[in-house]
Amino acid sequence: MSEVSPGAIRKMEDKKEKNEVGNSLPYSRGLDVASFFDNLFEGVQIIDFDWRYVYLNEAALVHAKRSFDELRGRTMEEMYPGIGQTEVFGAMKLCMDERVPQHIVNLFTYPDGSTGWFDLRVNPVDAGILVFTIDITKEKRKEEELRMIKEDLSMTLECMAEGVVTTDMRGIVTRMNLAAESLTGWIKEEWRGRHIDELLAFISAKTGLQVKHPVELILSGGLRIGLANDTVLITKLGDRIPIASSGAPLRDAEGNIRGVVMVIKDMKDEYELGAMLNHSQKMEAIGRLSGGIAHDFNNLLSVITGYADLILFDGPEDCPFRDELSEIRSAAYSAAMLTKQLLAFSRKQVLAPKLLNLNDIVNKMAELLRRLIGEDVDFRVKLGTNLESVMFDAGQLEQILMNLAVNARDAMPSGGKLLFETANVDLDEEYARKHADAQPGPHVMLAISDTGFGMTPEVREKIFDPFFTTKELGRGTGLGLSTVYGIVKQSGGNIWVYSEPGKGTTFKVYIPVANRSRLIEQDSEGGRQIPSGTETILVAEDEDSVRKVVVRILKQGGYNTLDASNANEAIEICRTYEGVIDLLLTDVILPGKGGKELSGAIKAMRPDIRVVFMSGYTDNAIVHHGVLDEGVAFIEKPISPKALLEKIAEYKMR
């Protein structure tokens, strides 16, 4: 190996010496290679077999962050301690030893801690190795910025509550976020690579006819579109979900359409809230009408009863029409009772609220109610401890107890069980949002549960309408429950009914606590934390909207979730799921097998699994009905996030 003088290395002033360096490169005999290298954009280094720097052009010196005087004759390890342990040195050594060209993209760390990205090509030469370097730091940083933007966008899409679906120009689905998968029922392994027509269908709720697919419209017209408000999505399982949807073309840098993006929103909750609002407004309108009729009717009855009484009391004893007048008077007073019920429904009766304890009224009425409902009904009372006081008309509260007890008795003609309960409860914002006119905050609950016929959804919708009755002709006026509704509403409370055919009925009356703020208690920093966990929980619930909110609550609490819409699905998940399932959260009443049967079937497969039941019936009513055994873990609907997570945490501690 020829020696190169320091002066020639440093300044390259001697033509002969420059060419000696250049002649060490292949295919360079007779060329002024060093001068050529000095003008290159790429960095060029020549390193000898002792790992000493022989030559660096101007670009390489910039990359090295050193002057040539600093590097001249020094080894790489001297200048960059620890470089011998790096990946880039390994590539250089392989080229030096094996005489085989190498290519590597490397993140280099300088002695001062700064970094830079370089694209290196290492070639063997007579003097050692020739290293070409290109600084790609800016490009790499742009790549990283784009990667982070893409990752942020992807995370944003996955966190959206609305479903997002994208396709290519052929209509092949390229993406569905988690919300879209949950909404449609398709998972990634199923939708990947399939045409959107195979996965999503839309119909008109008004006509029942299929709607032209929005993707086809967007691809053909290149315009943003929105589907009509009455559009219904047909899911994988054939369920029909009301939606709001919009779509737009995706374009490339030149503006050419390369695909479609659709945003689909589940409107089921909004439609249900709208229906509740319409029902509330209808009840309000009927109430105003009923109040007006009752007022006018009372005036007429006053005339009838007044004259009847005058004739009966002041007329002669041998009046030939005395019996007829007595019947007229009796009928008029019966009619007056009906108008009183109409006034109660219309919330126009005069109330005399006072501070009272619900337990006192229930205890007072218990014996009377026992005689009223008969011996064939097993009547029980479970009163809450430390019950808060409420402002309520005692007489009207007795009327509520009487009407609900009579209604329960009539639903159990062959006998059954009737349970009255009281408890302190906190209604959260979620409950208030889903129940028209309900206010969040502390309430006292009165629950009346029976084991009677139960009600269909169609009957439940009309149950508080005045004059609506399912009883045979002559057995009811249809004003009992509407009277209860009016009293509760006029007193600032709320009433909710949970019932299924053949499963009995629970009425829950919520009355605001007296002399306390109705604000929901907020969890403050340093206060009691809502419990969380990481276990796997299987949720079995047939109502889609309930199942979704429960799953969402559990996920926000850190839990891994699996969900099923019926017992058979839950059993199949337990059979095929390879991981540990720590807890089963199941509705008591499910299509096919009930929650109790499901629990037994799953425990046979997974003996260590814990079980928590949930139901719209109260805890004691469930035991009272004989559906569950006493002492089981149980949570009442409506479910609040705090109550659910606390119940799960409480049961895990057992």
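The values are calculated or read from the model by the stated rules, or taken from the named source; none is laboratory data. These figures come from a predicted structure and were not determined experimentally. Glycine also receives a Cβ, built like all others from the backbone with ideal geometry; neighbour counts cover every protein chain displayed. Only protein heavy atoms, including side chains, enter the accessible area calculation; ligands, DNA and RNA are left aside. Shrake-Rupley method; radii C 1.70, N 1.55, O 1.52, S 1.80 Å.
Here the condition is being modelled with pLDDT under 65 and of a type in the set (Gly, Ala, Ser); of Ser334, Ser245, Ser220, it holds for Ser334 alone. The residue list Leu157, Leu153 contains one member that is in a helix (DSSP H, G or I), under 30 Å from Lys268 (Cα atoms) and open to solvent by 80 Å² or more (accessible area, probe 1.4 Å), which is Leu153. Which of the residues belonging to the stretch 177-196 are in contact with a Gly (Cβ under 7 Å, 6 or more places away or on another chain) and either assigned to a strand (DSSP E or B) or more than 12 Å from Lys236 (Cβ to Cβ) (or both)? Those that are in contact with a Gly (Cβ under 7 Å, 6 or more places away or on another chain) and either assigned to a strand (DSSP E or B) or more than 12 Å from Lys236 (Cβ to Cβ) (or both): Asn177, Ala179, His195, Ile196. Only one entry of Ile203, Ile172, Ile187, Ile136 meets the criterion of being open to solvent by 50 Å² or more (accessible area, probe 1.4 Å) and of a type in the set (Val, Ile, Thr), and that entry is Ile187.
Only one residue in Gly486, Gly476, Gly452, Gly415 is touching a Ser or Thr at 6+ places or on another chain (Cβ under 7 Å) and at pLDDT 85 or above. Which one? Within the list Gly486, Gly476, Gly452, Gly415, the selection yields Gly452.
Restricted to strands (runs of 3 or more DSSP E) entirely inside the stretch 367-430, no element has at least 3 residues that are out of contact with any Pro (no Cβ under 9 Å at 6 or more places or on another chain) and surrounded by fewer than 16 Cβ atoms within 10 Å (Cβ to Cβ).
Taking the criterion of being within 50 Å of the chain's Cα centre (by Cα), assigned to a strand (DSSP E or B) and more than 14 Å from Gly43 (Cα to Cα), the only residue of the stretch 113-136 that qualifies is Thr115. I'd like to know if the stretch 547-558 contains one or more residues that are modelled with pLDDT under 80, part of a helix (DSSP H, G or I) and either farther than 26 Å from Leu419 by Cβ or hydrophobic (A, V, I, L, M, F, W, C) (or both). Yes, the stretch 547-558 contains at least one residue that is modelled with pLDDT under 80, part of a helix (DSSP H, G or I) and either farther than 26 Å from Leu419 by Cβ or hydrophobic (A, V, I, L, M, F, W, C) (or both). For beta carbons closer than 6 Å, sequence separation of 6+ or different chains, a first residue in the stretch 562-578 that is among the hydrophobic types (A, V, I, L, M, F, W, C) and a second that is open to solvent by 70 Å² or more (accessible area, probe 1.4 Å) and in a helix (DSSP H, G or I), the qualifying pairs are Cys574/Met605. Take Leu562 and tell me if it is buried (at least 22 other Cβ atoms within 10 Å of the Cβ) and either touching a strand residue (DSSP E or B) at 6+ places or on another chain (Cβ under 8 Å) or not in a strand (DSSP E or B) (or both). Criteria not met by Leu562. Taking the stretch 223-247 as the range and being loosely packed, with under 15 Cβ neighbours inside 10 Å and either polar (S, T, N, Q) or part of a strand (DSSP E or B) (or both) as the test, the residues that pass are Gly226, Asn229, Arg240.
When Val100, Val44 are checked against the criterion of being open to solvent by less than 40 Å² (accessible area, probe 1.4 Å), at pLDDT 90 or above and aliphatic (A, V, I, L, M), a single residue qualifies: Val44. In contact (Cβ under 8 Å) with a residue 12 or more places away in the chain, open to solvent by 50 Å² or more (accessible area, probe 1.4 Å) and β-branched (Val, Ile, Thr): does that describe Val105? It is true that Val105 is in contact (Cβ under 8 Å) with a residue 12 or more places away in the chain, open to solvent by 50 Å² or more (accessible area, probe 1.4 Å) and β-branched (Val, Ile, Thr). Residues that are surrounded by fewer than 20 Cβ atoms within 10 Å (Cβ to Cβ) and hydroxyl-bearing (Ser, Thr, Tyr) within the stretch 108-133 comprise Thr109, Tyr110, Ser114, Thr115, listed in sequence order.
Residues are listed down the side, and each one gets a yes or a no for (1) touching a helix residue (DSSP H, G or I) at 6+ places or on another chain (Cβ under 7 Å); (2) polar (S, T, N, Q); (3) within 20 Å of Ala180 (Cβ to Cβ):
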residue	(1), (2), (3)
Ile203	no, no, yes
Lys206	no, no, no
Leu209	no, no, no
Leu217	no, no, yes
Ile225	yes, no, yes
Lys236	yes, no, yes
Pro242	yes, no, yes
Arg251	no, no, no
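State whether the residues of the stretch 81-88 include one that is open to solvent by less than 40 Å² (accessible area, probe 1.4 Å), within 21 Å of Lys140 (Cα to Cα) and in contact with a helix residue (DSSP H, G or I) (Cβ under 9 Å, 6 or more places away or on another chain). No, the stretch 81-88 contains no residue that is open to solvent by less than 40 Å² (accessible area, probe 1.4 Å), within 21 Å of Lys140 (Cα to Cα) and in contact with a helix residue (DSSP H, G or I) (Cβ under 9 Å, 6 or more places away or on another chain).
In the set Leu427, Leu401, only one residue is under 16 Å from Thr505 (Cα atoms) and modelled with pLDDT under 90; that residue is Leu401.
Applying the selection to the stretch 206-222, what residues are surrounded by 13 or more Cβ atoms within 10 Å (Cβ to Cβ) and either without any contact (Cβ under 8 Å) to a residue 12 or more places away in the chain or under 19 Å from Lys265 (Cβ atoms) (or both)? Answer for the stretch 206-222, where residues must be surrounded by 13 or more Cβ atoms within 10 Å (Cβ to Cβ) and either without any contact (Cβ under 8 Å) to a residue 12 or more places away in the chain or under 19 Å from Lys265 (Cβ atoms) (or both): Val211, His213, Pro214, Val215, Leu217, Ile218.
Take the residues in the stretch 77-89 that are within 52 Å of the chain's Cα centre (by Cα) and either assigned to a helix (DSSP H, G or I) or not hydroxyl-bearing (Ser, Thr, Tyr) (or both); name whichever of them is nearest to Leu130 (Cα to Cα).
Looking at the filtered set, the residue picked out is Val88.
Among the candidates Met169, Met148, the residue that is farther than 18 Å from Val263 by Cβ, in contact (Cβ under 8 Å) with a residue 40 or more places away in the chain and not polar (S, T, N, Q) is uniquely Met169. Checking the stated criteria, Arg322 turns out not to satisfy the condition of being at pLDDT 80 or above and either out of contact with any helix residue (DSSP H, G or I) (no Cβ under 6 Å at 6 or more places or on another chain) or within 25 Å of Ser482 (Cα to Cα) (or both).
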